[in-house]
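Have a look at the structure below, then the notes.
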Amino acid sequence: MKVIRSEIPDVLILEPKVFSDDRGFFFESYNESRWQEATGLMTRFVQDNHSSSAKGVLRGLHYQIKQPQGKLVRCVAGEVFDVAVDLRKSSPFFGKWTGALLSAENKCQMWIPEGFAHGFLVLSDVAEFLYKTTDYYAPEHERCILWNDPALGILWPFADTPVLSKKDAAAPLFHSAECFS
C-alpha cells in the first residue's frame, strides 16, 4: 500500500496495491501488520460501519467529544468527496480541513485520526461507504459542525444544496464547537 500524507499530515490517503485481470480484481483492504508497517500506527479497530446514500447526500461533519473515533474510511460503490476537519486546539492545523475523492474505482482509503470532525458528500447516483473505527459509537458524546460554515471554507464539489439530516442541517458553527485540547 502507498501512504500519502494530506495537507494535514496526520490525515492519510492510502492507495492499495490492486491485482486486476480479465476476471476482476483483488486487494487487501486491511492487513494489521502492513498497516502498522506503512503508517507507523498501532491502531486497534473495534467497529465496522456501512452506509448507503443517494446522490447529493451530505453526512457530517461528525465527531465524538468523548470516546473520540479514529476512522479508516472507503467507498466501495460509487464516489464521495470525503472531508476531515482538525479540531485539536494544540495542532498547527486547528480549524483547517482536507478532502479527497474516494471511489469504488480508485479504491483509496482515508485515515482520519481521533480529534477530527468527518463528513462526506455523495457525488455518484448511489454510494456505499465503509469505515472502521477505533472506538464505539457513543451517541451521547456525538457532536456536529455545520457543513458549510464559512469559517471552515470547505470547497464541496457540488453546486446544489445537499440533502441533510435534521441534525446536520441544525448543526452549530465551528466557533461554538466543543474541541479537543
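Computed from the coordinates by the stated procedures, all read-outs in this text should not be read as laboratory data. Everything numeric in this text was worked out from a predicted model, so none of it was measured. Note that we place each Cβ from the backbone using ideal geometry, even for glycine, and neighbour counts take in every protein chain shown.
Before moving on, here are some points about what is shown:
- Whole-Å distance, taken between Cα centres, linking region 38-53 and region 113-151: 13 Å
- When the chain is treated as a GNM with alpha-carbon contacts under 10 Å, the residue of Phe158, Phe27, Phe19 showing the greatest mean-square fluctuation is Phe19.
- In plain terms, the chain from Thr39 to Phe180 could stretch by 48.5 nm, reckoned as 0.36 nm per residue minus the Cα-Cα distance.
- Only Lys, Arg (+1) and Asp, Glu (-1) charged, at Cβ; region 2-176 dipole about Cα centre in debye: 380 debye
- Residue with peak Gaussian network fluctuation, the chain [Cα springs, cutoff 10 Å], from Val18, Val83, Val122: Val18
- Note that the chain, at 10 °C in a medium of 1.306 mPa s, gets a Stokes-Einstein diffusion coefficient of 95 µm²/s from its Kirkwood radius over C-alpha pairs.
- Built amide H within the under 5 Å cut-off of Ala77, gap 5+: Ala104, Glu128
- Positive-end extreme of charge dipole, the chain - chosen from Pro157, Gly60, Leu130 (charges on Cβ): Gly60
- GNM top mover of Val163, Val11, Val73 - the chain, alpha-carbon springs below 10 Å: Val163
- Unit charges on C-beta of K, R, D, E only; dipole of region 1-68, Debye: 260 debye
- Look at the dipole of the chain built from charges on Cβ: of Leu146, Ile13, Leu173, the Cα furthest out on the positive end belongs to Leu173.
- Nearest-0.05 FRET efficiency for Asn148 and Glu7, computed from C-beta distance (R0 25 Å): 0.80
- Pairwise FRET efficiency - Lys96 versus Asn31, Cβ, R0 = 30 Å, nearest 0.05: 0.50
- Oblate is the label for region 1-73, because a/c, from the alpha-carbon gyration tensor with a ≥ b ≥ c as root eigenvalues, is 1.5 or above and a/b does not exceed b/c.
- Inter-centroid distance (Cα atoms) of region 71-110 relative to region 164-181, Å: 18 Å
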